[in-house]
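Student: Below is a structure I'd like to ask you about.
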Amino acid sequence: MAATSSSSSSSESNEANSKWLDAHYDPMANLYTFSSCIALADLHGDGEYKLVVGDLGMAGHTMRLKVYRGTGLASESTLLDLPAAVTTFLMDQNEPRTPAVAVASGPFIYVYKNLRPYFKFTLPPLDANPLEQDVWEQAKEDMIDPLTLKEMLEGIRFLAQDVPEMENFVNLHKGQPIKRQTVITCMSTLKKNMADEDAVSCLVIGTESADVLTLDPEAFTILAKMTLPSVPAFLDVMGQFDVEYRVTVACRDGSIYILRRESKRPKYCIELSAQPMGLVRVHKNIVAGCSDETLQGYTQKGKKLWTVYLPAPLMTMSLLDHKSRGFQAVMVGLANQEVHMYRDKNLVDVIRTQDVVTSICFGRYGREDNTLIMTTKGGGLIIKILKRTAMFEEKDMSLGPPVAQSIRLSVPKKTRLYVDQTLRERENAVAMHHVFQMDLYRLRLMAARAYVKALESSLAPITSTLQEPLKMNAVVQGIGPTFKLTLHIQNTSAGRPSINLLVSFLYDQSLYAMKRAFFKAPMLVPGLNYPIETFVECLSDKGISDVIKVFVLREGQSMPLLTAHINMPVSEGLAAA
């Protein structure tokens, strides 16, 4: 009883400390899918989002397109082949604004509207090998026998058969046209001309023939075609087709290629350390999960930012976009029945599940904005809701050295001059230290003398006496030959006003003429700023300038309380004239 009570109390404490609410768990849901075959969408325009799943079925049988509403299955449709990707998109601006469901399967894309079959798109066939086509044309005309066909075409499956079986194969297929068909490997969506959530989107598909195709959402014609060096496995698209867009593709050759608008070839290439297992874009950075149990971050130009070593093999990954708080993170499903959440390279949360997670989807489900939906290896369905009070800390929760320790310093290469300087410092270390100390003492002495001189002659713009705590600054306006000179005088004492103050200007009368060079300041109330304005006219046309000195004195005393030196600008107006 004591063990039972302790285990239940520990589970309750874990649930209290968790950032997620356990909404639903069905281990017998019979959902076998991946993150690319799961989507959330408002299929009926009623504000209630449904879960759309491309179910792979058991052992390649009973493939279905399933739609969940809440915790129950709302509808399902039979699929003819294994789905490669499922997505939702708006095809037009017609009301009501209900999205269509696109299911990529083999060389086809099945489009459903209102959960009913609407359109079937077929990839265009590839060009056949001219030599193979010519040889089969000769076999069709009985110009060559099967043995000659075997010699001319190496690597064909029927060539390993016996001669009678080979003849039957040739007679069966020689009358049929040669077709070379590719299949779809991945699919995503791209906004057509607006970035709004309810804007019309194009389909972007990757094919086994290493092509990336962009399809028109209404006519389903190919708008753009880009060729890659390898077969694409994962796609991420951002931007608008009519404006500017960027397609990030993780391929089977262990590289990530970045394509831009109107580019037939990749603009940037990122070589990964192993085969890609997932691809997610967080803001402007690219995060790739690899088969060597690492998570790697890159800029959109291919510069590597960081690497995180995962505690178990990666199964799936997806993006967590908390739009109300502007928070984005990468969710990674691991083979140790855990889901890790990373903000950049920092681990911010860990979710422990009852089985290995094979697909993750975060978004609005039903009428709840922040819902996490996961399917497991055994076919289970897990639904969690993010608590409204959940806060993700920026610091790393994982054990180990601090993050700053892994930041590589940009140390420049050692030059010949650097080596010579190092040897000279080693040989004359004591003498150099003595010279440094002597220069430091001399600098301190000069600074102290200048400070004492400024205090004795009141050359500073702030008074040093507590009897008259004043502060002054000057502003010169204009381009010449007439300048407006404004003095701002302020009494900085706590509650004692300043009276009987005079303001005088000293300047070169051959260069400048002042309309008024002597003022009697009013009583200065503490805390207020008093502006004193006058006009200065430049008399020289040689493009030179000088310093005008300002003195603040007490009536009856010759020692100034404040002194300011104003560096007058060159008169541009007079020079232009």
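Let's see how each residue does on (1) of a type in the set (Phe, Trp, Tyr); (2) open to solvent by 40 Å² or more (accessible area, probe 1.4 Å):
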{"position": "39", "(1), (2)": "no, no"}
{"position": "45", "(1), (2)": "no, yes"}
{"position": "50", "(1), (2)": "no, no"}
{"position": "82", "(1), (2)": "no, yes"}
{"position": "89", "(1), (2)": "yes, no"}
{"position": "100", "(1), (2)": "no, no"}
{"position": "108", "(1), (2)": "yes, yes"}
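Student: Same structure again: State whether the residues of segment 237-255 include one that is open to solvent by less than 40 Å² (accessible area, probe 1.4 Å), in contact (Cβ under 8 Å) with a residue 12 or more places away in the chain, aliphatic (A, V, I, L, M) and outside any strand (DSSP E or B).
Tutor: No, because not a single residue in segment 237-255 is open to solvent by less than 40 Å² (accessible area, probe 1.4 Å), in contact (Cβ under 8 Å) with a residue 12 or more places away in the chain, aliphatic (A, V, I, L, M) and outside any strand (DSSP E or B).
Student: Scan segment 282-301 and give yes if some residue there is closer than 27 Å to residue 111 by Cβ, of a type outside the set (Ser, Thr, Tyr) and touching a Leu at 6+ places or on another chain (Cβ under 9 Å), otherwise no.
Tutor: No, the conditions are met nowhere in segment 282-301.
Student: Residue under question is residue 257, and the condition is that it be in contact with a Pro (Cβ under 8 Å, 6 or more places away or on another chain) and of a type in the set (Phe, Trp, Tyr); does it hold?
Tutor: yes
Student: Okay, next question. Would you mind stating whether residue 81 is among the acidic types (Asp, Glu) and modelled with pLDDT of 85 or more?
Tutor: Against the criterion (among the acidic types (Asp, Glu) and modelled with pLDDT of 85 or more), residue 81 qualifies.
Student: Something else about it: Evaluate segment 76-86: report whether one residue or more is more than 23 Å from residue 208 (Cα to Cα) and within 36 Å of the chain's Cα centre (by Cα). Break it down into steps so the answer makes sense when it comes.
Tutor: Of the residues in segment 76-86, the ones more than 23 Å from residue 208 (Cα to Cα) are 76-78.
Checking which are within 36 Å of the chain's Cα centre (by Cα) leaves us with none.
No, because not a single residue in segment 76-86 is more than 23 Å from residue 208 (Cα to Cα) and within 36 Å of the chain's Cα centre (by Cα).
Student: Taking the residues in segment 298-318 that are crowded, with 20+ Cβ neighbours inside 10 Å and touching a Phe, Trp or Tyr at 6+ places or on another chain (Cβ under 7 Å) as candidates, determine which candidate is modelled with the lowest pLDDT.
Tutor: Checked segment 298-318; the qualifying residue modelled with the lowest pLDDT is 308.
Student: Now, a different point. Can you find a residue that is at pLDDT below 85, crowded, with 16+ Cβ neighbours inside 10 Å and in contact with a Pro (Cβ under 6 Å, 6 or more places away or on another chain) anywhere in segment 562-573?
Tutor: Yes: one or more hits.
Student: How about segment 503-544: which of its residues are among the polar types (S, T, N, Q), surrounded by 16 or more Cβ atoms within 10 Å (Cβ to Cβ) and closer than 22 Å to residue 488 by Cβ?
Tutor: 534
Student: On to the next question. Would you pick out the residues in segment 256-271 that are buried (at least 21 other Cβ atoms within 10 Å of the Cβ) and over 23 Å from residue 316 (Cβ atoms)?
Tutor: Hits for segment 256-271 are 259, 266.
Student: Tell me, yes or no, whether segment 205-223 has at least one residue that is open to solvent by 20 Å² or more (accessible area, probe 1.4 Å), in contact (Cβ under 8 Å) with a residue 40 or more places away in the chain, among the small types (Gly, Ala, Ser) and not in a loop (DSSP other than H, G, I, E, B). Outline the logic, then answer.
Tutor: If we filter segment 205-223 for residues that are open to solvent by 20 Å² or more (accessible area, probe 1.4 Å), which is where we start, we get 208-209, 216, 218-219, 221-223.
Narrowing further to those that are in contact (Cβ under 8 Å) with a residue 40 or more places away in the chain: 209, 218, 222.
Cutting the leftovers down to among the small types (Gly, Ala, Ser) gives us 209.
Restricting the remaining residues to those that are not in a loop (DSSP other than H, G, I, E, B) gives none.
Among the residues of segment 205-223, not one is open to solvent by 20 Å² or more (accessible area, probe 1.4 Å), in contact (Cβ under 8 Å) with a residue 40 or more places away in the chain, among the small types (Gly, Ala, Ser) and not in a loop (DSSP other than H, G, I, E, B), which makes the answer no.
Student: On to the next question. Mind checking whether some residue in segment 355-371 is out of contact with any Ser or Thr (no Cβ under 6 Å at 6 or more places or on another chain) and free of Cβ contacts under 8 Å to residues at least 12 places away in the same chain?
Tutor: No, every residue in segment 355-371 fails to be out of contact with any Ser or Thr (no Cβ under 6 Å at 6 or more places or on another chain) and free of Cβ contacts under 8 Å to residues at least 12 places away in the same chain.
Student: Filter segment 187-244 for residues that are closer than 17 Å to residue 100 by Cβ, among the polar types (S, T, N, Q) and touching an Asp or Glu at 6+ places or on another chain (Cβ under 8 Å) and give the result.
Tutor: Across segment 187-244, the qualifying residue is only 188.
The values are calculated or read from the model by the stated rules, or taken from the named source; none is laboratory data. Note that the structure is a prediction, hence the values are computed from the model and not measured. Positions of Cβ are backbone-derived with ideal geometry, glycine not excepted, and every protein chain shown enters the neighbour counts. Note: areas computed on protein heavy atoms with side chains; ligands, DNA, RNA excluded. Shrake-Rupley method; radii C 1.70, N 1.55, O 1.52, S 1.80 Å.
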